[in-house]
1. Please compute the net charge surrounding A36, taking Lys and Arg as +1 and Asp and Glu as -1 over other residues with Cβ under 12 Å from its Cβ.
2. Can you give the accessible area per residue of the chain, in Å², using a 1.4 Å probe?
3. Student exercise: in the chain, how many lysine pairs 8 or more apart or on different chains have Cα atoms under 23 Å apart?
4. Obtain the nm distance between the two label points defined at S69 and V84 by a simple spin-label model: each point lies 7 Å from its Cα along the Cα-to-C-beta direction.
5. Could you give each residue of the range 59-69 its phi-based ³J(HN,Hα) in whole Hz, using Karplus coefficients 6.51, -1.76, 1.60 with θ = phi - 60°, and x for Gly or Pro?
6. What's the magnitude of the charge dipole for the range 5-118 around its Cα centre, counting Lys and Arg as +1 and Asp and Glu as -1 at the beta-carbon? Answer in Debye, nearest 20.
7. If I compute solvent accessible area with a 1.4 Å probe over the protein chains, what percent of it on the chain is carbon and sulfur?
8. Dividing the alpha-carbon Rg of the range 55-119 by 2.2 N^0.38 Å yields what?
Amino acid sequence: MDFSQLIKFRQSVRKYQDKPVEKEKVEQLVEAVRLAPSASNSQPWKLIIVDEPGIKNKVALACTSNVISFNKFVPQAPVLAVLVIEKPKIITQIGAWIKNREFPLIDIGIAADHFCMQA
């Protein structure tokens, strides 16, 4: 499948099978994020894979709301990937100030897109 086909058929998954995700597939997702480009190669993120059921359920519940019905599908997922932004390195901060751009926000978006496309 070429890239234009991939983006046409991309979908958001909201239902999950009750089975673990193969370790090889999780490793491919981690590698896709690791290879994502970033300003000054700063990689201002951490990717946290959560598959231990007790911790996964706590993280999943933190993603939902009792007031607004959104993200109700998260607790069903057999594994969660949490992409966390980090404070940028000084060289990236200087570049952001000079160019008046928030490079870490752009970078984490690219990393998240790499993750989604690999998935």
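The values are calculated or read from the model by the stated rules, or taken from the named source; none is laboratory data. Nothing here was measured: the structure is a model prediction, and the numbers come from that model. Virtual Cβ from ideal backbone geometry, glycine too; neighbours counted across all protein chains shown. Protein only, heavy atoms only, side chains kept; ligands, DNA and RNA dropped before computing areas. Shrake-Rupley method; radii C 1.70, N 1.55, O 1.52, S 1.80 Å.
1. Numbers: positive: R34; negative: E31, D107, D113.
The answer is -2.
2. Values: 8920 Å² over 119 residues.
Counting only protein heavy atoms, the per-residue value for the chain is 75 Å².
3. Taking the Cα cut-off of 23 Å, the pair count is 22.
4. With each label point 7 Å from Cα toward Cβ, the separation is 3.2 nm.
5. 5, 4, 5, 5, 8, 10, 9, 7, 8, 10, 7
6. Working: 16 positive and 11 negative charges, 61 e Å.
The calculated dipole for the range 5-118 is roughly 300 debye.
7. Details: 5210 of 8920 Å².
Using a 1.4 Å probe with all protein chains present, the chain comes out at 58 percent carbon and sulfur.
8. Working: Rg = 15.9 Å, N = 65, 2.2 N^0.38 = 10.7 Å.
Cα-based Rg divided by the globular estimate yields 1.48.
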